[in-house]
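Bear in mind that the values in this text are calculations on the coordinates, not laboratory data. Quick caveat, the model's predicted, so the values are computed rather than measured. Neighbour counts are summed over all protein chains in view; Cβ atoms, including those assigned to glycine, are modelled from backbone coordinates with ideal geometry.
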């Protein structure tokens, strides 16, 4: 098996992927088909095999989506860590999470307009 080591960066290269929607009575920016992870990837020195991703990717639904991966004292921490929320949260969360081939896809929504 070959290992892929990449930095996952979701780049929106099409205006058609960005829209505004009313969610809970407020206007939100919505970015479709964000790719937060792919199968068999190494991130932050940890290997994430496809079978483990398949078991857990749905946990991204309704999860906070920070700007960049939160770090406290130069250590990666959960996006749910209170300091991470304070320092990295931009009002976005993931929804409509699904799998397409080797990619996890989701919408990222934020009311920071």
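Relative protection proxy for 21-29, 88-96, 52-60, 102-110, from highest mean packing down: 102-110, 88-96, 52-60, 21-29 (other beta-carbon atoms within 10 angstrom).
Any idea what the relative contact order of region 18-110 is, in percent, if you count C-alpha pairs under 8 Å spaced at least 6 apart? Please report the intermediate quantities before stating the final value.
Numbers: 156 pairs, mean separation 30.1, N = 93.
Result for region 18-110 is 32 percent.
What fraction of the DSSP beta bridges in the chain is antiparallel, stated in percent and rounded to the nearest 5?
On the way: 27 of 29 bridges.
For the chain, the DSSP antiparallel bridge percentage is about 95.
Within region 57-113, the ratio Rg/Rh, alpha carbon atoms throughout and Rh by Kirkwood, equals 1.01. From largest to smallest, the equivalent ellipsoid semi-axes obtained for region 15-56 from the alpha-carbon gyration tensor read 31, 12, 9 Å. Annotation: extensible slack from residue 54 through residue 101 equals 15.8 nm (criterion: 0.36 nm per residue apart, minus Cα-Cα distance). Binning all Cα-Cα separations of the chain at 5 Å, short to long from zero, yields these whole-percent fractions: 2, 11, 18, 23, 21, 14, 7, 2, 0, 0. Computed over the chain with a Gaussian network model linking Cα atoms closer than 10 Å, the most mobile of 38, 77, 30 is 77.
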